Amino acid sequence: MPQLQCTNLTIGYENLIVTKNLNFEVNKGDYLCILGHNGSGKSTLMKTLLGLLKPLSGSISTGEGLSFNEIGYLPQQTVVQKDFPASVWEVVLSGCQAQCGFRPFYNAKEKQLAQSNIEKMQLTELKNRCFRELSGGQQQRVLLARALCATKQMLLLDEPVSGLDPKVTREMYETIRRLNKKEGITIIMISHDISSALTYASHILYVDDEPFFGKREDFEKSDYLKALTSAKEENA
Amino acid sequence: MNEFLDKLSIFQYDFVWYAVIVGVLIALCSALIGVTIVLKRLSFIGDGLSRVAFCASSVAAIVNVITNDIVITLPATILCAVLLLNAGEKAKIKGDASVAMISVGALAIGYLLMNLFPPSNNLAADVCTTLFGSTQILMLTQSQVIWCAVLSVIVIALFVIFYNKIFAVTFDENFSRATGTRTSLYNLIIAVIIAVIIVVAMNLVGSLLISALLIFPALSAMRIFKNFKSVTVCAAAFGVVCALIGLLASILFDTPVGSTIVVVDIIGFILFSILGRLVCARR
């Protein structure tokens, strides 16, 4: 039983179909990269998987003890966060919010979870710093630590390296790979970066009029990759 | 000097202390929720909703509710707050435009109604009081004082209980929703809190000046502090201190309460901005 299975999924907004006929499944420990050109529906798919949008038709089901609320999410940063006065500790701890339910305050176990994720992301020295004063890479690590507070099983990452410099980008990819290999966390990532996707991912979902889903090796042999790279060269 | 002492002798009366208590409670509530309002980019919502409350209170004056016009203003304002905040995402008319629409619309209708059905002989004074607050907060009736106190305590309790949820929902609504927090419920609670504060604060500073009580403490605190908890605590303290100074000054110099408090807020904001620059420069 896969952790996440999408069958004949059609996604979009009320009266606008963005993409249809998506079929794919994600098993525990997979590293899935979602590729596709701008406007192909990658972000819409992500929102649908997170339950922020309802699928227009088709179904999404979860298995292996994963429930929808246990999916960690690394969003693209919003305008609000650029001048929000919040310490690293407050941001990471807010990842435990869902576990609180109606309980107003965090308990010791949740604080401990936040602390251990801060250490895992090497943020210990930044714990009391203000989130908005950190560098781009540090901010992404904070948001990753927050996402880890919300999940032990699956992370959804929305272009986690956009706006980061090459060195920090590589570190970010390594961190994500470590979480995938060592902690066994399933990764689903939206990416623009084809070469990294081919380096790190185990599976590829290419969102298009005729979508592709399969192992990375199969994608590399397929015509999709050729089409994608040649289109890129034309643009450049 | 003697003149000032004479004026301070007014503090021997209970009703003055009631006014002080109400002023402090209102300032405290507004400052607390103000942090969220500023961060959610809703600074104008105070203006919009307060004019709704103004409109509702003219209606109340016409139908002549016997007990207290809060019976009409509170539900009307809560309704508008919920509509404005919750429709935000789906609405065809976007945030700032709908706030502007409701705010001028309500102001116009309210004033029109007051002209058509004047509640008393002195229309200008009535309008002035609703827009800029009681010239003397000391004229608050006992039932107003009790209403203010009860509602303020409820708001403060709600804020403390939902503090962590409010933070999570304000910082990143999508993340909270995706991980299973009931964001629409908490947005609803935030909307209700804002509406209650506005109705209560109308007594103190009037409907045109409410935004000042909401946003100045938060903005001032954000000049200096860098995390949510300190900003909230500092904003609350700032609001209370400014309200106290403003109340005292208005008694000493015979100035209108609302605008005096706002002027004190402005001075406080300037001081905090300078202080914030100095703190930054030293680092």
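For B:Thr260, are the conditions met, namely being free of Cβ contacts under 8 Å to residues at least 24 places away in the same chain and within 14 Å of chain A (Cβ to nearest Cβ)? Before the answer, list the steps.
Working: free of Cβ contacts under 8 Å to residues at least 24 places away in the same chain: yes; within 14 Å of chain A (Cβ to nearest Cβ): no.
No.
If I ask for residues that are touching a strand residue (DSSP E or B) at 6+ places or on another chain (Cβ under 6 Å), open to solvent by less than 10 Å² (accessible area, probe 1.4 Å) and either of a type in the set (Gly, Ala, Ser) or at the interface with chain B (Cβ under 10 Å from one of its Cβ atoms) (or both), which ones from the stretch A:139-162 would you list?
If the condition is that a residue be touching a strand residue (DSSP E or B) at 6+ places or on another chain (Cβ under 6 Å), open to solvent by less than 10 Å² (accessible area, probe 1.4 Å) and either of a type in the set (Gly, Ala, Ser) or at the interface with chain B (Cβ under 10 Å from one of its Cβ atoms) (or both), then A:Leu143, A:Ala147, A:Thr151, A:Leu156 are the ones that fit.
Here's a check for you: in the stretch A:37-52, which residue that is within 11 Å of chain B (Cβ to nearest Cβ) and in a loop (DSSP other than H, G, I, E, B) is nearest to A:Val26 (Cα to Cα)?
A:Gly51
Just the residues that are closer than 30 Å to B:Leu204 by Cα, among the β-branched types (Val, Ile, Thr) and surrounded by fewer than 16 Cβ atoms within 10 Å (Cβ to Cβ), please, taken from the stretch B:262-283.
As a first pass, look at the stretch B:262-283 and keep what is closer than 30 Å to B:Leu204 by Cα: B:262-276.
Subset that is among the β-branched types (Val, Ile, Thr): B:262-264, B:266-267, B:270, B:274.
Answer for the stretch B:262-283, where residues must be closer than 30 Å to B:Leu204 by Cα, among the β-branched types (Val, Ile, Thr) and surrounded by fewer than 16 Cβ atoms within 10 Å (Cβ to Cβ): B:Ile266, B:Ile267, B:Ile270, B:Ile274.
Quick check on my filter: what residues within the stretch A:59-78 are assigned to a loop (DSSP other than H, G, I, E, B) and either more than 8 Å from chain B (Cβ to nearest Cβ) or in contact with a Pro (Cβ under 8 Å, 6 or more places away or on another chain) (or both)? Spell out how you get there, then give the answer.
First, the residues of the stretch A:59-78 that are assigned to a loop (DSSP other than H, G, I, E, B): A:63-67, A:75-78.
Listed by number, the residues that qualify are A:Gly63, A:Glu64, A:Gly65, A:Leu66, A:Ser67, A:Gln76, A:Gln77.
Here are the criteria: (1) more than 19 Å from the chain's Cα centre (by Cα); (2) open to solvent by less than 70 Å² (accessible area, probe 1.4 Å); (3) of a type in the set (A, V, I, L, M, F, W, C). Tell me which single one A:Met1 does not satisfy.
So the condition that A:Met1 fails would be (2).
So which residues in the stretch B:4-61 are closer than 25 Å to B:Phe238 by Cα and small (Gly, Ala, Ser), if there are any at all?
Step one: filter the stretch B:4-61 for residues closer than 25 Å to B:Phe238 by Cα, giving B:8, B:11, B:15-50.
Matches in the stretch B:4-61: B:Ala19, B:Gly23, B:Ala27, B:Ser30, B:Ala31, B:Gly34, B:Ser43, B:Gly46, B:Gly48, B:Ser50.
Within the stretch A:122-138, which residues are assigned to a loop (DSSP other than H, G, I, E, B) and within 14 Å of chain B (Cβ to nearest Cβ)? Walk me through how you get there before you give the answer.
Filtering the stretch A:122-138 for residues assigned to a loop (DSSP other than H, G, I, E, B) gives A:122-123, A:127-129, A:134-135.
A:Lys127, A:Asn128, A:Arg129, A:Leu134, listed by residue number.
Can you tell me how many residues within the stretch A:191-217 are within 23 Å of A:Leu156 (Cβ to Cβ), in a helix (DSSP H, G or I) and not β-branched (Val, Ile, Thr)?
Applying the first criterion (within 23 Å of A:Leu156 (Cβ to Cβ)) to the stretch A:191-217 yields A:191-208, A:211-216.
Next, only the ones that are in a helix (DSSP H, G or I) stay: A:194-200, A:216.
When the remaining residues are screened for being not β-branched (Val, Ile, Thr), the result is A:195-198, A:200, A:216.
Result for the stretch A:191-217: 6.
From the set of residues in the stretch A:88-121 that are out of contact with any helix residue (DSSP H, G or I) (no Cβ under 7 Å at 6 or more places or on another chain) and not in a helix (DSSP H, G or I), which is farthest from the other protein chains (Cβ to nearest Cβ)?
A:Asn107
Step by step: first the residues of the stretch A:8-36, then only those that are in a strand (DSSP E or B), open to solvent by 40 Å² or more (accessible area, probe 1.4 Å) and polar (S, T, N, Q), then the one that is nearest to A:Arg216 (Cα to Cα). Which residue is that? Please lay out each step first, then the result.
First, pick out the residues of the stretch A:8-36 that are in a strand (DSSP E or B): A:8-13, A:16-26, A:31-35.
Checking the rest, the ones that are also open to solvent by 40 Å² or more (accessible area, probe 1.4 Å) come to A:8, A:13, A:16-18, A:20-21, A:23, A:25.
With the extra rule that they be polar (S, T, N, Q), the set shrinks to A:8, A:21, A:23.
Details: A:Asn8: 21, A:Asn21: 20, A:Asn23: 16 Å.
Filtering first and then ranking leaves A:Asn23.
Just wondering, is there one or more residues in the stretch A:124-138 that are of a type in the set (Ser, Thr, Tyr), modelled with pLDDT under 90 and crowded, with 18+ Cβ neighbours inside 10 Å?
Scanning the stretch A:124-138 turns up no residue that is of a type in the set (Ser, Thr, Tyr), modelled with pLDDT under 90 and crowded, with 18+ Cβ neighbours inside 10 Å.
The values are calculated or read from the model by the stated rules, or taken from the named source; none is laboratory data. Treat the numbers as computed from the prediction; the structure is a model and nothing was measured. Methodologically, a virtual Cβ is constructed for each residue, glycine included, from the backbone with ideal geometry; neighbour enumeration extends over all protein chains shown. These accessible areas exclude ligands, DNA and RNA; they are computed on the full protein's heavy atoms, side chains included. Shrake-Rupley method; radii C 1.70, N 1.55, O 1.52, S 1.80 Å.
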